[in-house]
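Each remark here refers to the structure printed beneath this line.
Nothing in this text is a laboratory measurement; each read-out follows from the coordinates by a stated rule. This structure is a prediction, so every number in the text was calculated from the model and none was measured. Positions of Cβ are generated from backbone atoms using ideal geometry, with glycine treated the same way; all protein chains shown enter the neighbour counts.
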Amino acid sequence: MRRIVIPTAILLTVITASPVLADPLAQEGGSEVSQTPIFLAFILALSIFLGFELISKVPATLHTPLMSGSNAISGISLIGALIAAGHGGDVLVIVLGTLAVATATINVVGGYLVTDRMLEMFKKKEE
Amino acid sequence: MSLQLSINLAYIVSSVLFIFGLKMLSSPATARRGNMLSALGMAIAVIFTLLDQNIITYQWIIVGMVIGTVVGVAAARLIAMTAMPEMVALLNGSGGLASMLVGWAEYQRNIDPSAFTAGVITLTVLIGGVTFTGSVMAWAKLSGKMDGKPILFQGQQIVNALLLLAILVCGILFTLNPATSFLILMILIGLSLILGVMSVIPIGGADMPVVISLLNSYSGLAACAAGFVIENNLLIVAGALVGASGIILTNIMCKAMNRSLGNVLFSGFGSATGGGTAVEGEAKPISAEDAYLVLEAANSVVFVPGYGLAVAQAQHAVRELGELLEHNGAEVSYAIHPVAGRMPGHMNVLLAEANVPYDQLVEMDDINPIMETVDVCIVVGANDVVNPAAREDEASPLYGMPIINVDLARTVIVLKRSMRAGFAGVENPLFFKDNTRMLFGDAKASVQGLVREFKEG
């Protein structure tokens, strides 16, 4: 448990302290030499480490639900899609954004539901 | 600012929920709640993003979400458990496509991004595009829309190398001067889509567990790259978690086949037939009645399922036979090889669907040491994963692959349609061993035949 809590805590601290959160200028790409890439890369490194810790504990019997469930998580690009589809300007961006919202939603909704359907079937032996 | 702050705080909550959701997948008892936590994290992220002031109109968002939800719900409800590999392949593909589109849309919003952003846009459309078409190809192979055999042609490696080179050149050109490079981005997208097709066609059907795991990883990495494009922590965290998951699974699958990832991706394994020492001897068929007598006397029975179980949809019949054997006093378990089936954990899901309790499922490394004490092993639609040539015959292409040592059990009953070789095209000496009996026919029909014998006997 400790091996997961500690990296999670570090990760969250970095996210909270990252310039994306602290410095609104960096968020708009306003500053000339942005520190953002470095912070983002740091977050990436921590997340990969944490991912390996978490996933290596998943038993073989749950590997299919793990795939479909983690797949649903990768539908997180929905967030970027929402902003593109709703920004209200260029037509091409709206078209691309709407397509992205649709495909990412398929990924999220389909992924979580089908994982739930599978996990519901895993039962212990009734005594 | 305070709105932006609360959105960012919501993203942190989401990351925590994703992390704990995955943590709870470490046991079947908590897995379902874990998945719900993860879904809750996603819902929070989406709801708070909708509050973002950059979002002005909602009509297209609603259109996209309605379409996505309808398709997603229908697919998740209707898909058969045996077709789960196809479903996961398509989900991977839609995730990759979404990330690719996000990267492209971001370029259209600001066609003069920094070199860093242009670089990560390149990566996003590349990984996203490869994931999309690669997954569609994997789906076509898995669902039989396309022949499962590897597609190989003269000069394939050269074509692929040129493709990679062209992608690299386009990527550099785009990164150096994104403002005037719309056309280059389009070429890049086209090449990425072609690369996805080219990288999956030389891979055979039974190697799909590796391909799906790898594409799973790519879909995470694509989301991760998109996170760099829109400078969003949550995308990076979530994408990296998925990327790590896919890589771990890929590694497990490769180890279970004793092959390197490079060998799986490039060798066209399974296109050649033969290999290994020819097997002498004659297979001994057995009738359902005789098989019943053997099983009736057995104290311990181990089922070893393979892809044939999924093809024949025999999981329910197998569970029924298993229960009858238990009533008869035998100890019943199900031994599952890591690459049995067409995706990691495929067999476990099918048996769970048929109500086999998960504590009866055993992994390869746990069953092999006690195999000598097993009275009867029933092989249902598995072939290469129980081929003793992997242990005994150094000339065999399978040599060195860890297998379930069914041949060491006192009696082996192999359910099989015919004497055809397995996916790898390798002869299976198991069929000719003294303690092996062949029960020919469709796996489901054979198992139902045994069930009938038990009920009458």
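When the charge dipole of the stretch B:79-266 is built from unit charges on Cβ atoms (+1 for Lys and Arg, -1 for Asp and Glu) and taken about the Cα centre, the candidate among B:M257, B:A179, B:W104 whose Cα reaches farthest toward its positive end is B:M257. With just the Cα atoms defining each centre, how far is the stretch B:86-150 from the stretch B:28-72? Give it in Å. Taking the Cα centre of the stretch B:28-72 as reference, the centre of the stretch B:86-150 is 20 Å away. What percent do you get for the relative contact order of chain B when only Cα pairs under 8 Å and 6+ apart count? Dividing the mean separation by the residue count of chain B yields 14 percent.
What's the FRET efficiency of B:S114 with B:R77 using the Cβ-Cβ distance as r and R₀ = 41 Å, to the nearest 0.05? Between B:S114 and B:R77 the formula returns 0.40. Annotation for the stretch B:363-457: trypsin sites (Lys or Arg not before Pro) lying in DSSP loop with at most 10 further Cβ atoms inside 10 Å of their Cβ are B:R420. Pairwise Cα distances in chain B exceed 42 Å for 25 percent of all pairs. In percent, rounded to a whole number, the relative contact order of the stretch B:1-147 is 20, using alpha-carbon pairs under 8 Å and six or more apart. Take each peptide in B:212-225, B:396-409, count the other Cβ atoms within 10 Å of every residue, and average; sorted highest first, the result is B:212-225, B:396-409. Remark: B:V332, B:V385, A:V95 ranked as A:V95, B:V332, B:V385, counting other beta-carbon atoms within 10 Å and listing the fewest first.
The residues B:M257, B:M146, when put in order of fewest to most other Cβ atoms within 10 Å, stand as B:M146, B:M257.
Note down the Stokes-Einstein diffusion coefficient of the protein assembly as shown in µm²/s, whole number, using a Kirkwood radius over alpha carbon pairs, 20 °C, and 1.002 mPa s. Calculated translational D: 86 µm²/s. Inter-chain Cβ neighbour count for A:5-12, averaged per residue, equals 3 (cutoff 10 Å, partner chain atoms only). Neighbour counts of C-beta atoms inside 10 Å place B:E394, B:E323, A:E53 in the sequence B:E394, B:E323, A:E53, starting with the fewest. Modelled this way, with points 7 Å down the Cα-to-C-beta line, the labels at B:I56 and B:T30 are 4.7 nm from one another. Hydrophobic long helices, here whole DSSP H runs in chain B with Kyte-Doolittle means of at least 1.6 and Cα atoms spread over 24 Å or more along the helix axis, are found at B:59-78, B:156-176, B:182-200, B:233-256. In this structure, the residue pairs whose Cα-Cα separation is over 27 Å, taken from A:K124/B:K149; B:K433/B:K455; B:K149/B:K444; B:K141/B:K255, are A:K124/B:K149; B:K433/B:K455.
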